[in-house]
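The values are calculated or read from the model by the stated rules, or taken from the named source; none is laboratory data. Small disclaimer: the values here were computed from a predicted structure and weren't measured. Ideal geometry is used to build each Cβ from the backbone, glycine not excepted, and the neighbour counts take in all protein chains shown.
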Number of protein chains: 2
Amino acid sequence: MDGFRERDVTQLSATAAVAQIAEGRLTSRALVDALLARISLRDPDVRAWLALSETARELAEECDAVPAARRGRLHGLPIGVKDVFDTFDLPTTHNSPLYEGFRPAADAAVVDLLRSEGAIILGKTDTTEFAAAGRNAATANPHDLSRTPGGSSAGSAAAVADFHVPLALATQTGGSTIRPASFCGVVGFKPSFGRVSREGVRIYAQSFDTVGWYGRSVDDVALLASVLGLDEEFPAAGFSRNPRIALTLGPYKDRLSPESLMALTVARERLEGAGHRVQVLDLPPEFEPLDRHHRVILHREGQASFRNLARRHSSSLHDDFHHRVENRDGSSLADLARAYDAMGSARIAFDAFMGDFDILIAPSAPGFAPIGRGPGDPVFNASWTLLGVPCLNIPIPLGSSALPIGVTLTARRFADKHLLDVARHLEPVLNPT
Amino acid sequence: MDGFRERDVTQLSATAAVAQIAEGRLTSRALVDALLARISLRDPDVRAWLALSETARELAEECDAVPAARRGRLHGLPIGVKDVFDTFDLPTTHNSPLYEGFRPAADAAVVDLLRSEGAIILGKTDTTEFAAAGRNAATANPHDLSRTPGGSSAGSAAAVADFHVPLALATQTGGSTIRPASFCGVVGFKPSFGRVSREGVRIYAQSFDTVGWYGRSVDDVALLASVLGLDEEFPAAGFSRNPRIALTLGPYKDRLSPESLMALTVARERLEGAGHRVQVLDLPPEFEPLDRHHRVILHREGQASFRNLARRHSSSLHDDFHHRVENRDGSSLADLARAYDAMGSARIAFDAFMGDFDILIAPSAPGFAPIGRGPGDPVFNASWTLLGVPCLNIPIPLGSSALPIGVTLTARRFADKHLLDVARHLEPVLNPT
């Protein structure tokens, strides 16, 4: 986290950068230059990027020449894209040897939408293979290069954390957006299931896979949420200045390390110190088996997703994917039906549970980023993904020398804007940096 | 339906063609030649195809040269593909002017799997725009060119019905596989939700879209089901020679025309005439609102699916898609949550309901294929799609001069093989041709 000049534009938030470009105080070209210089300095160590755009400077200059009236909401803003999103002008490899150098003919729908709003795709970030299993990303945690940034969205989380780019696209199937956000100390957002197109995004589990993204503030992730259509009010009424806050350790609390417990305690103390009431509670027991059901659906839907690769590339496909295709877990179709049914019932139950609260605070990860390059344990994320609820990781600084750690803020399904509004309101309290 | 020579190989079922090729009694090249000749004769009227493979004859010759030991389960078999599946060697247009001449860089996962089993992709078939709304397919019903083959899988259904190809891929979001099967007099199969990869298939509604297919017999659709991994037994026990059969007119019976009522009556009489017991019953009242919930989810998920096209191609995108993106139905996010919850609850309820039955027989369409080129009314299909259950249309011939009509056989979720086994057993009774 070194190498800054004072007022380096790489430190700008996305919202600040967009505003400065709109006001003529910053050019997109200057921002791209600064970010590429930062990447050039840092990426030999961090290894966040699998490919960088060769036309980013040119695209930035084109942006700078566009009159104000024809500018989109992300005009001139560089964005990183996890390498499971199709891009027409950059290779899309899914970090799989089977897709080395693969060039899709078109952008994923989300990438296309970002470009149509003026964004510049700066490059493709490293990922756990197919955002699923197999090969780890080579990316290091910028806070400690011996540690993982978490996966699967390793490169996107590290790139935002290390000031290579202000915003980056991720995906989440278990905890692939939220957990790396906790490990890297950035804001991560996974919207409600089904509200953002996955067209052109590699699919692992069709009931779970959700496009997410990283920024360095709630405002930044909310900017992208708005562009992607998540700015519809629900519940219809806004929240009061005193949101109703619940906090839970969740049903897997015995797997929490001291630092994760501390992050939750500190979050609570900071909120209470600011005059908020925080109700600490257990989730109903029916939520306990959700992680197990998640795994059944995950592997069974993965069975369908990797069947053709297993058939065609038998020996060169990582064994993890053969594991899915051959159903080595041995789950039955009755198990699968039970898992889907539990998912349906739990979604209803969680919405009812959240009738009394604006947000629920929960762990983002078992603890600090582990040593190595593994993706990390999704146990504290998978149930929220299965529930289809919006999740936001907010960093909870424990002290200047500590590694990053965060907590998850969730809300009821489709209350994406509500969650972002409450998170923006609480951010100065929870993350007072 | 004219133009046959005696023992024309275009009339062969897929299973018969595969067997004859395997036994050396038929070459893939001869079959491809015959089908292309048939298409050349008929397609100026039927208009099933948007593109035909220019390399099919060459690929067939390559197949014919492969030794028996290296042959897949579809070796040498020509298959038609709805033009919402990506194909690397043929344009993929989604019947949208925005995608004219578009060439994906890779095959959809299902197409790749079929090719890996030796299938030859004969061409791309016409479809309702994006398998959703907008522009109709130009395809005619081969039984009466003034009538529609149904949509959205118009070209695939007509191509199989008119002996252009023995098997063809379809998709279903509402009734896009089953209804055209009824209108065209072919066997149509939509598997349980989530069991077949949609990678590289255009997505309209991510909770519903399912890859389906057409053949001219239950054996033919079962062949493809097996290749796609749907040959896992569930329930574990096979069915007896006397499957437990229920029949319902469904909650929308006031929208059934006389011919659809007759198809259900004839199906019942034929079964009872063959010694089967058929229990006629109403569905529980909680199934009545499912069609309405389906529409809410459909349009809201479509809102996400078409957002980027609406942003980028404002005036050249069909108004139907702007309708989705702008949520002109005016559904709220609370309506959406209720619709998903009703879906979850109804899936559980339907499995319980089906605990007493092996299959349920229901209408496939309101009646005969209407005049024109419209896709038709999905009211008798959408609820099954929402329930995620496997559905099979089986033709119920009402007399040699009558237009085709069929009935839907459904079973509980994931009982795909069971449904196909029961349907195969009952096919000679229901469709005695």
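Okay, here's what the table says:
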| item | result |
| --- | --- |
| Enumeration of residues in the range A:105-155 that are surrounded by fewer than 21 Cβ atoms within 10 Å (Cβ to Cβ), in contact with a Phe, Trp or Tyr (Cβ under 9 Å, 6 or more places away or on another chain) and under 18 Å from A:Y204 (Cα atoms) | A:G134 |
| Count - residues of the range B:403-433 that are within 17 Å of the chain's Cα centre (by Cα), in a helix (DSSP H, G or I) and within 13 Å of chain A (Cβ to nearest Cβ) | 3 |
| All positions within the range A:30-47 that are charged (D, E, K, R) and either in contact (Cβ under 8 Å) with a residue 40 or more places away in the chain or under 17 Å from A:G72 (Cβ atoms) (or both) | A:R38, A:R42, A:D43, A:D45, A:R47 |
| Members of the range A:102-125 found to be part of a loop (DSSP other than H, G, I, E, B) and either under 10 Å from A:P78 (Cα atoms) or at pLDDT below 95 (or both), listed by number | A:G118, A:A119 |
| Residue check, B:R373 surrounded by fewer than 23 Cβ atoms within 10 Å (Cβ to Cβ) and either among the aliphatic types (A, V, I, L, M) or in contact (Cβ under 8 Å) with a residue 40 or more places away in the chain (or both) | yes |
| Enumerated helices (runs of 4 or more DSSP H) restricted to the range A:274-340, each holding at least 2 residues that are among the small types (G, A, S) | A:290-305 |
| Counted residues, the range A:195-211 - those being basic (K, R) and in contact with a helix residue (DSSP H, G or I) (Cβ under 7 Å, 6 or more places away or on another chain) | 2 |
| Residue match in the range A:73-83 (condition: part of a helix (DSSP H, G or I) and aliphatic (A, V, I, L, M)) | no |
| Single residue of the range B:194-219 satisfying the filter (in a loop (DSSP other than H, G, I, E, B) and among the hydroxyl-bearing types (S, T, Y)) that is farthest from A:Q303 (Cα to Cα) | B:S217 |
| Among (1) more than 12 Å from every other protein chain (Cβ to nearest Cβ); (2) in contact with a helix residue (DSSP H, G or I) (Cβ under 6 Å, 6 or more places away or on another chain); (3) farther than 22 Å from A:P97 by Cβ - the single one A:S331 does not satisfy | (1) |
| Flag if A:D341 is facing another protein chain (nearest Cβ under 7 Å), under 26 Å from A:V389 (Cβ atoms) and surrounded by fewer than 20 Cβ atoms within 10 Å (Cβ to Cβ) | yes |
| Cross-chain or 6+ apart pairs with Cβ under 8 Å, the range A:278-292 first and β-branched (V, I, T), then loosely packed, with under 15 Cβ neighbours inside 10 Å | A:V278/A:E272 |
| Every residue from the range A:172-220 that is away from chain B (no Cβ under 14 Å), closer than 22 Å to A:A119 by Cβ and over 10 Å from the mean Cα position of the chain (by Cα) | A:C184, A:R216, A:S217, A:V218, A:D219, A:D220 |
| Single residue of B:H299, B:H313 found to be under 26 Å from A:A225 (Cα atoms) and under 22 Å from the mean Cα position of the chain (by Cα) | B:H299 |
| Hits in the range A:275-312 - residues which are buried (at least 21 other Cβ atoms within 10 Å of the Cβ) and charged (D, E, K, R) | A:R300, A:E301, A:R307 |
| Residue within the range A:140-162 that is within 14 Å of chain B (Cβ to nearest Cβ) and not β-branched (V, I, T) present | no |
| Checklist (1) part of a loop (DSSP other than H, G, I, E, B); (2) of a type outside the set (S, T, N, Q); (3) surrounded by fewer than 24 Cβ atoms within 10 Å (Cβ to Cβ) applied to A:H164, failing item | (3) |
| Single residue of the range B:165-221 satisfying the filter (aromatic (F, W, Y) and in contact with an Asp or Glu (Cβ under 8 Å, 6 or more places away or on another chain)) that is farthest from B:P366 (Cα to Cα) | B:Y204 |
| Index of the failed condition, A:A263 passing every other in (1) crowded, with 20+ Cβ neighbours inside 10 Å; (2) over 26 Å from the mean Cα position of the chain (by Cα) | (2) |
| The range B:328-343, residues that are free of Cβ contacts under 8 Å to residues at least 40 places away in the same chain and more than 28 Å from the chain's Cα centre (by Cα) | B:R328, B:G330, B:S331, B:S332, B:L333, B:A334, B:D335, B:A337 |
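Here's the yes/no breakdown for (1) in contact (Cβ under 8 Å) with a residue 60 or more places away in the chain; (2) more than 14 Å from chain A (Cβ to nearest Cβ); (3) crowded, with 18+ Cβ neighbours inside 10 Å; (4) among the charged types (D, E, K, R):
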| site | (1), (2), (3), (4) |
| --- | --- |
| B:F350 | yes, no, yes, no |
| B:I359 | yes, yes, yes, no |
| B:S364 | yes, yes, yes, no |
| B:D377 | yes, yes, yes, yes |
| B:A382 | yes, yes, yes, no |
| B:G388 | yes, no, yes, no |
| B:S401 | no, yes, no, no |
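For every residue, the table says whether it meets (1) on the phi > 0 side of the Ramachandran plot; (2) of a type in the set (D, E); (3) more than 14 Å from chain A (Cβ to nearest Cβ).
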residue	(1), (2), (3)
B:L52	no, no, yes
B:T55	no, no, yes
B:P67	no, no, yes
B:F85	no, no, no
B:P91	no, no, no
B:H94	yes, no, no
B:Y99	no, no, no
